[in-house]
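Rule-based calculations on the coordinates, nothing more; no lab input. Since the model is a prediction, treat every value here as computed from it, not as a measurement. All Cβ positions, glycine included, derive from the backbone under ideal geometry; neighbour counts span all protein chains shown.
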Amino acid sequence: MRQIGRLRHEVETVNQLHLTVETQKQELESLADEDNELLEIIAGELKSATAALEKLELQTYLGGKYDAGDAILSIHAGQGGTEACDWTEILLRMYLRYAADMGWKTEVVDELKGTEAGLASVTIEIYGDYAYGYLKHEHGTHRLVRNSPFNAAGLRQTSFAGVEVMPIITDDIDINLKPEDIEFTAQRSSGPGGQNVNKVATAVRLVHTPTGLMVTSSAGRSQSGNREVAMNLLRAKLFQLEEEKRQKEHTALKGEYKVAAWGNQIRNYVLQPYKLVKDVRTDVETAQADKVLNGEIQEFIDAEIRQL
């Protein structure tokens with residue numbers, strides 16, 4: 001039903017775009033060279049139609065098996081200590097705002113507070129059409145350069161955070177997930193959620209014994225709810241593991257490609273001594289760093305999708 005709804009929406013969008021273009025074309029022909037305020041209105045409508053068409057066109061690049069579905073996004077603090085934990089929280093806000101702008105729903109399913117500030121790690125589920133397709137290329141290391149707010153001297157510091165993006169997989173067919181391969185542990189949650197969460201063993205930890213992968217979920221108020229979330233995380237991680245294996249095989253055949261840039265980050269966010277956000281894979285850059293950190297990352301996502 002969800003797929004039917006998505007396809008119906010795409011058909012309706014195409015029909016509406018066709019109608020808009022034809023209507024405005026007729027009006028422009030009737031106006032000829034007249035200088036009229038109506039021309040500005042028509043130009044505005046055509047601009048909106050062009051933006052909608054570009055968005056629809058971009059979705060034609062998203063033909064992967066899980067591209068049209070929901071996503072799991074995890075952020076982990078890397079090098080940089082407290083700075084890196086703060087950077088992780090900033091990235092979380094950026095992705096939450098981007099998701100809100102896209103009309104997607106989000107839910108924090110697991111988080112670990114930093115020792116002094118920010119987050120050591122956080123995982124969110126994102127529900128919306130093409131959430132995984134749009135976000136999957138955000139997977140990688142993100143680098144921040146700024147004057148440290150945690151240093152009395154305000155020295156410039158570099159911080160790193162790793163972003164993982166995986167699809168939400170609701171069946172076990174493709175990843176061969178067997179119940180006997182899963183070790184289940186329940187424990188008390190130490191995070192927010194009310195007295196019940198802290199008194200009852202609602203937090204869940206799952207270990208996939210063949211691979212050693214471990215996932216946890218603690219944000220929910222019930223053990224069953226957290227277990228369902230943890231299963232989604234485990235399926236996603238197993239999928240990601242298989243994808244990495246396929247990528248290594250592809251690289252071995254094609255030859256290793258190295259980005260001509262310092263470190264292994266996919267994107268640099270520089271706030272001092274100047275403002276610049278640059279993606280090292282596509283060379284897309286902008287000086288509007290504040291807008292990017294407020295969720296305006298579509299131009300980076302568009303460029304990466306179209307490049308591939």
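FRET efficiency for the T286 to D181 pair, using the beta carbon distance and R₀ = 41 Å, is estimated at 0.35. On the beta carbon distance between A120 and T50, with R0 = 30 Å, the FRET formula returns roughly 0.10. Extending 7 Å from the Cα toward the beta-carbon at both A303 and Q24 defines two label points whose distance is 2.6 nm.
Label sites at Q79 and V11, each approximated as a point 7 angstrom past Cα along Cα to Cβ, lie 5.4 nm apart.
Approximating the spin labels as points 7 Å out from Cα along Cα→Cβ, the S222-to-E242 distance works out to 3.0 nm.
The alpha carbons of region 73-171 occupy a box of 50, 21, 20 Å along the principal axes, longest dimension given first.
When the C-alpha to C-alpha distance is required to be over 28 Å, the pairs from K65/K105; K105/K248; K47/K291 that qualify are K105/K248.
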